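A single structure is presented below for examination.
Computed from the coordinates by the stated procedures, all read-outs in this text should not be read as laboratory data. Bear in mind that the values here come from a model prediction, so they are computed numbers and not experimental data. Cβ sites come from the backbone with ideal geometry, for glycine too, and all protein chains shown count toward neighbours.
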Amino acid sequence: MQKPVSGLLRLGTTPGMSAESEGDGTETAATAPGADAPDPASVPAAPGPDPPRGRALIAQWTVFWTIVVLLLAAIFVVQNTEDVRIDILLWTVTVPLAAALLLTLAAGGLIASLFSLVRQHQYRSALRRRSAGDR
């Protein structure tokens, strides 16, 4: 009968060996590799990572829709390459149709953002006046 292995291993031993057997292949049945190993089918699988929530989910959707819009914009630019003449007051400019439409879209977005900023400023000012009146 072999002696049980202490908590500390000596150099050259493995967890299934006794201190005296040091690599001669003699292992106890209780410490043999795989002797008491549970059946892999009976061991529950480790839970996977939680699905993203909150800001992480919003960020993922933002990236997804940004990629979709960029792909659509690229297709739009490739399909609308013919030149158009644009008259602005005293100037005349010839640009590709896609560039003219994208610049118009960007200008509209900028104007909408400015209106939004003005509205946010008005809302915050009203909140400050209300909170100052409550004191």
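Suppose every Lys and Arg Cβ carries +1 and every Asp and Glu Cβ carries -1, with no other charges. What dipole size does the range 54-133 come out with about its Cα centre, to the nearest 20 debye?
Values: 7 positive and 3 negative charges, 184 e Å.
The dipole of the range 54-133 has a size of about 880 debye.
A further question follows. Could you calculate the FRET efficiency of Q122 with V95 from 1/(1 + (r/R0)^6), where r is the beta carbon distance between them and R0 is 41 Å, rounded to 0.05?
In this case the efficiency is close to 0.65.
I would also like to ask the following. Along the positive direction of the dipole of the range 54-133 (beta-carbon charges: Lys, Arg +1; Asp, Glu -1; about the Cα centre), which of A73, F115, L89 reaches farthest?
Highest projection toward the positive end goes to F115.
Still on this structure, I have one more. Would you work out if the range 54-133 is rounded, prolate or oblate? Take a ≥ b ≥ c from the square roots of the eigenvalues of the alpha-carbon gyration tensor; rounded if a/c is under 1.5, else prolate when a/b is larger than b/c, oblate otherwise.
Working: a/c = 8.56, a/b = 1.53, b/c = 5.61.
Oblate shape, in that a/c is at least 1.5 and b/c is the bigger or equal ratio.
Tell me which residues come under 5 Å, amide H to amide H, from I86 once H is placed; ignore anything under 5 positions away on its chain.
V93, T94, V95
Please work out whether the range 85-128 counts as rounded, prolate or oblate from its C-alpha gyration tensor, where a ≥ b ≥ c are the square roots of the eigenvalues and a/c under 1.5 means rounded, while otherwise a/b larger than b/c means prolate and anything else oblate?
Prolate shape, in that a/c is at least 1.5 and a/b is the bigger ratio.
Find the relative contact order for the range 54-133 and round it to a whole percent, using C-alpha pairs within less than 8 Å whose residues are 6+ positions apart.
It rounds to 16 percent for the range 54-133.
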